[in-house]
Amino acid sequence: RRQRALLWAILLLAWEAAWGQLSYSVPEEVPKGSFVGDVAKDLVLQLPESRDRGIHIVERGRTQYLVLHGKTGHLVTAERIDREQLCRMVEKCLLRCELIVEGEMQVYGIEVEITDINDNAPSFREAEIELRIIETTAPGARFPLTEAHDPDKGRYSLQSYELSGDEHFSLAVQAGPGGDQRPELVLAKALDREEAAFHELALRASDGGDPALTGTARIRVTVVDANDNAPVFSQSEYTVRVPEDVPVGSTLVTITANDADDGLYGHVKYFLKKGTDMASDIFHLDSDSGTIKLLRSLDFEEGNSYELEVQAHDSGGLFDTTKVAITVRDVNDNVPELTVSSKLNEISEDAKTGTVVALLHVQDRDSGTNGEVRCSLDGNVPFRLEKSFEDYYRVVTARELDREQVSEYNLTVRAADGGSPPLQSSAVLALRVLDVNDNAPVFAQERYSARVAENNAAGALVLTVLARDADWGQNARVRYRLSEGRVRGAPLSSGSITLREALDFEDTRAFSLAVEAKDGGGLVAHCKVEVEVLDVNDNPPEM
């Protein structure tokens, strides 16, 4: 059975690698440089070759948590990782990155789960809890207590509460809608202010570790005289929807509670009793007016909803509770991020259609339509965009290239989101086209003619032929030679035809020459040259 399980694990890893996805796990708080996974082995990468092919890890977050060891091919931690800081509001903590093999234009997805350890003890936001309870309160009355918070997950999270200190009180724990435990102080025995004006209690919270970690809050109960009317909120729940770009300092909602009593017993103050540490950093509740204001900018991508529990207390210790649900609406405030992961600087003009010249990554931190990104390529160019792995695109050749028509391209890739109006970004790829010897020399004329007087001295110029080659560099360098006749193969300097010896009209009155032009790549062209010899009066009459 063990061999069968090992075989299944190997097959699963091979299947994930073949589909471009690797999965690993590592506990939080391990030292920097700790082993995560053997990427080279799992992807069957040859290390001596991998350095030449430019292999590197790409993470999209603000902090680099993972790095690839160049000699071993192991994926290791680049920093000490705190799961609670990295994934504060996420049950399963995952780090995602990509392994890019530049030489092969390949991308592999890597997913690393950060597992929890019991490194946080439960803690109370308020180490000292003050309660004021009227002495006429009937036994069985319940008073919500501040909840403890443990950022660990699973069995290492908050598991239980325990109350100690006084026979007048007991503890009840209610289950919240989300499965959280809400401690309540229960009055077990009637109070008598004249007998005891204060009661000191201790509330201890424990997690499920072995040994368990604990946190304690001190409870001081003040027994007060009778107050027969509690504050009453105007609504049992307040619902607020705000855009994420609402200005800091804005009033989001004002809650109100009324107390029918007079004097101090009718004076109401408001307190934030339940809310995450993040919520308390973002929102401020004015204890006198009940207004909730924004302390710092909202970001839909960081948090799209918040729930606050607010209590209204009168001076006699009576209170009412309401819930404030704040929903953040996404605004198109993030420009698509377009990154050139790998690219070519030059390409041969005879490259096959579909040759990859660049690998691009695009992402938009907005959500919904605002986060949907479309990529396009500017201009009528012989290239096109292809979707690659997840948010990666490839720029490939769409048809044959011709350096003689266009020798260099500046390709503009644009990424636009679905917002209204859309936000966009762009990247420019400079690509030089390398020459291939695909053009033969071409003479300016198919036939040339010249007239030369007899008796001209050797070396005299007859005429000059000219051939041009559309290629570049060595491929465009043209050499000339005579290809027929007695002087076949004789080179011609710069296409100039000169006399090797003086001509005699009485001997030969015309010459027909063939000239060959050859470029540096071996392609040739030919032309004909007709030379007419002109007579001069160089012979006396014969008797």
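Please tell me if residue 331 is out of contact with any helix residue (DSSP H, G or I) (no Cβ under 7 Å at 6 or more places or on another chain), modelled with pLDDT of 95 or more and farther than 30 Å from residue 526 by Cβ.
On the way: out of contact with any helix residue (DSSP H, G or I) (no Cβ under 7 Å at 6 or more places or on another chain): yes; modelled with pLDDT of 95 or more: no; farther than 30 Å from residue 526 by Cβ: yes.
Against the criterion (out of contact with any helix residue (DSSP H, G or I) (no Cβ under 7 Å at 6 or more places or on another chain), modelled with pLDDT of 95 or more and farther than 30 Å from residue 526 by Cβ), residue 331 does not qualify.
Every residue, every condition in (1) surrounded by fewer than 17 Cβ atoms within 10 Å (Cβ to Cβ); (2) aromatic (Phe, Trp, Tyr); (3) in the same structural domain as residue 84 (by the TED database), yes or no:
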residue: 127; (1), (2), (3): yes, no, no
residue: 139; (1), (2), (3): yes, no, no
residue: 145; (1), (2), (3): no, no, no
residue: 151; (1), (2), (3): no, no, no
residue: 156; (1), (2), (3): no, yes, no
residue: 159; (1), (2), (3): yes, no, no
residue: 186; (1), (2), (3): yes, no, no
residue: 193; (1), (2), (3): yes, no, no
residue: 198; (1), (2), (3): yes, yes, no
Next item on the list: Identify, by number, the condition in (1) at pLDDT 85 or above; (2) open to solvent by less than 50 Å² (accessible area, probe 1.4 Å) that residue 72 doesn't meet.
Entry: (2)
Checklist line | Conditions (1) of a type outside the set (A, V, I, L, M); (2) crowded, with 18+ Cβ neighbours inside 10 Å; (3) in a strand (DSSP E or B): number failed by residue 449 | finding: (2)
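Residues are listed down the side, and each one gets a yes or a no for (1) open to solvent by 30 Å² or more (accessible area, probe 1.4 Å); (2) among the charged types (D, E, K, R); (3) over 27 Å from residue 434 (Cβ atoms); (4) assigned by the TED database to the domain that holds residue 109:
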| position | (1), (2), (3), (4) |
| --- | --- |
| 359 | no, no, no, no |
| 362 | no, no, yes, no |
| 369 | yes, no, yes, no |
| 386 | yes, yes, no, no |
| 390 | yes, yes, yes, no |
| 397 | no, no, no, no |
| 407 | yes, no, no, no |
| 411 | no, no, no, no |
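Has the range 117-125 got at least one residue that is open to solvent by less than 50 Å² (accessible area, probe 1.4 Å) and not in a loop (DSSP other than H, G, I, E, B)? Reasoning before the result, please.
Narrowing the range 117-125 to residues open to solvent by less than 50 Å² (accessible area, probe 1.4 Å): 118, 120-122, 124.
Checking which are not in a loop (DSSP other than H, G, I, E, B) leaves us with 124.
Checked the range 117-125: at least one residue is open to solvent by less than 50 Å² (accessible area, probe 1.4 Å) and not in a loop (DSSP other than H, G, I, E, B).
If the requirement is being of a type in the set (Asp, Glu), exposed (fewer than 15 other Cβ atoms within 10 Å of the Cβ) and out of contact with any His (no Cβ under 7 Å at 6 or more places or on another chain), which of these qualifies: 519, 504, 469?
Details: 519 fails: exposed (fewer than 15 other Cβ atoms within 10 Å of the Cβ); 469 fails: exposed (fewer than 15 other Cβ atoms within 10 Å of the Cβ).
The conditions single out 504.
Within the range 213-229, which residues are at pLDDT below 90, surrounded by 13 or more Cβ atoms within 10 Å (Cβ to Cβ) and not in a strand (DSSP E or B)? Give the derivation first.
Kept after step one, since they are at pLDDT below 90, are these residues of the range 213-229: 223-229.
Subsequent filtering for residues that are surrounded by 13 or more Cβ atoms within 10 Å (Cβ to Cβ) retains 223-224, 227, 229.
Listed by number, the residues that qualify are 227, 229.
Can you say whether residue 478 is at pLDDT 90 or above, outside the structural domain of residue 411 (by the TED database) and over 60 Å from the mean Cα position of the chain (by Cα), as far as the supplied structure shows?
In short, no.
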Checklist line | Of residues in the range 514-543 being over 30 Å from residue 474 (Cα atoms) and touching a residue at least 60 places away in the same chain (Cβ under 8 Å), the one farthest from the chain's Cα centre (by Cα) | finding: 538
Check: Taking the range 265-318, which residues are open to solvent by less than 50 Å² (accessible area, probe 1.4 Å) and part of a helix (DSSP H, G or I)?
Finding: 266, 278, 279, 280, 282
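With the structure loaded, tell me whether residue 321 is open to solvent by 30 Å² or more (accessible area, probe 1.4 Å), more than 25 Å from residue 101 (Cα to Cα) and touching a residue at least 24 places away in the same chain (Cβ under 8 Å) or whether it fails that test. Break it down into steps so the answer makes sense when it comes.
Numbers: open to solvent by 30 Å² or more (accessible area, probe 1.4 Å): yes; more than 25 Å from residue 101 (Cα to Cα): yes; touching a residue at least 24 places away in the same chain (Cβ under 8 Å): yes.
Yes.
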Item checked: Long-range neighbours under 9 Å by Cβ, at least six apart or interchain, first residue closer than 10 Å to residue 338 by Cβ and of a type in the set (D, E, K, R) within the range 406-432, second open to solvent by 10 Å² or more (accessible area, probe 1.4 Å) and not in a strand (DSSP E or B) -> 414/378
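The values are calculated or read from the model by the stated rules, or taken from the named source; none is laboratory data. A quick note: this is a predicted structure, and the numbers were derived from the prediction, not measured. Cβ: placed from backbone, ideal geometry, glycine included. Neighbour counts: every protein chain shown. Ligands, DNA and RNA are stripped out before the accessible areas are found, and what is left, the full protein with its side chains, is counted by its heavy atoms. Shrake-Rupley method; radii C 1.70, N 1.55, O 1.52, S 1.80 Å.
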